[in-house]
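A short write-up of the structure that comes next.
The values are calculated or read from the model by the stated rules, or taken from the named source; none is laboratory data. Predicted model only: the values in this text are computed from it and were never measured. Cβ placement follows ideal geometry from the backbone for every residue including glycine, while neighbour counts extend to all protein chains displayed.
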Amino acid sequence: MRKSRLGKSGIGLGDEEASLSAYHDTDLFPHTSAWCSSRMDFIAILLAVSLVVWFWVPLAKLFTLASEDEHFSHILLVPILAFYLLFMNRAAILTSRRESPVVGLLVMASGAVCYWFAAGQHWTQDRLAVEMLAFIVTCWGLFLFNFGGRSFRNTLFPLMILLFMIPLPTIFLDAVIGFLQRSSADTVDMLFSTLGIHTVREEFTFELSNFIIFIEGECSGIRSFFALIITSLVAGYWCLESWWARAALVAVVLPLAIIKNAFRIIGLTLLANNLDPAFLIDSVLHRNSGIPLFIMSLAIIFSLTCLLRQLERRFKRNLEA
């Protein structure tokens with residue numbers, strides 16, 4: 001049998017090579033990996049700070065718009081919701097972390113191109129929409145840079161929910177408001193007929209026995225519509241597993257928002273027609289009547305979520321049987 005040669009220290013050269021290899025595996029490489037990881041974290045922090053500074057003016061204008069325009073009041077809660085969902089998924093993010101600096105930089109570059117495209121326009125809501133799209137795409141690139149594609153896929157929903165930070169361009173906002181306004185008017189007309197209340201309708205105008213109402217765009221219920229959409233998406237993400245159950249939950253939001261708004265209009269109209277016209281002008285009930293109806297809508301969404309969850313479990317048991 002061949003004996004291993006001894007070095008000056010009395011340790012076999014084969015043992016010395018194995019010891020050196022073990023040293024590299026257990027000491028040098030982990031420190032190198034940790035150093036690379038800390039360097040990537042430092043670069044990501046610098047990029048994040050630069051991102052906030054770069055988009056400071058659009059972010060400030062977005063905050064002002066969301067604070068002053070009720071159509072976009074939901075925007076204030078979107079980043080808080082997204083960060084909370086990311087925090088709840090922090091284990092999935094960290095365990096699947098594989099930095100993708102090249103892909104991340106490419107995505108951030110596409111966001112920069114989108115921002116420069118908007119820079120040549122005048123300050124309008126449409127320009128702000130493009131700039132916020134650029135901001136969100138750049139945030140996605142920063143996430144890919146620091147955490148990689150697998151973590152991105154594992155937290156796709158919280159990252160996609162950031163899209164609700166984009167204020168709708170005027171052409172799309174007007175289209176949504178017009179659709180909700182007309183749908184609410186049609187539902188009000190149908191409910192008046194069902195209740196046996198005689199009205200004369202002309203487009204969005206309803207003439208009752210003692211009062212005439214006009215359903216304006218502000219009465220379309222778009223604010224609660226956005227809130228219910230986001231609520232249904234989050235409820236489906238947390239509580240449901242199948243795509244069909246999540247789609248069914250979101251699909252209910254549109255008719256639910258229209259019917260809720262129609263009941264609010266009818267209630268205020270009947271009070272104004274039979275008691276006091278002030279109910280439709282500037283009353284506390286006019287300003288806050290949507291709150292209890294919105295709470296009822298949330299209860300309906302919660303109940304439907306529980307029902308869909310039970311159906312999912314039943315289908316799963318049938319498939320396993």
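Would you tally the residues in the stretch 67-119 being among the β-branched types (V, I, T) and either closer than 20 Å to A44 by Cβ or not assigned by TED's automatic domain parsing to the domain that holds E131 (or both)? Adding up the residues that qualify gives 5. Taking residues in the stretch 183-201 that are among the aromatic types (F, W, Y), and partners anywhere that are not in a helix (DSSP H, G or I), the pairs with Cβ atoms closer than 6 Å and at least 6 places apart or on different chains are F192/T199. Name the residue that is surrounded by the fewest Cβ atoms within 10 Å (Cβ to Cβ), counting only residues in the stretch 176-197 that are over 18 Å from P255 (Cβ atoms) and among the aliphatic types (A, V, I, L, M). If we take residues in the stretch 176-197 being over 18 Å from P255 (Cβ atoms) and among the aliphatic types (A, V, I, L, M), then L195 is surrounded by the fewest Cβ atoms within 10 Å (Cβ to Cβ).
Out of A119, A44, one residue alone is more than 20 Å from the chain's Cα centre (by Cα) and in contact (Cβ under 8 Å) with a residue 40 or more places away in the chain. It is A44.
Among the residues making up the stretch 179-212, those that are under 28 Å from G236 (Cα atoms) and of a type in the set (G, A, S) are S183, S184.
Take the conditions buried (at least 16 other Cβ atoms within 10 Å of the Cβ), modelled with pLDDT under 85, at negative phi and assigned by TED's automatic domain parsing to the domain that holds D186 and apply them to L304. Does it pass?
On the way: buried (at least 16 other Cβ atoms within 10 Å of the Cβ): yes; modelled with pLDDT under 85: no; at negative phi: yes; assigned by TED's automatic domain parsing to the domain that holds D186: yes.
For L304, the condition - buried (at least 16 other Cβ atoms within 10 Å of the Cβ), modelled with pLDDT under 85, at negative phi and assigned by TED's automatic domain parsing to the domain that holds D186 - is not met.
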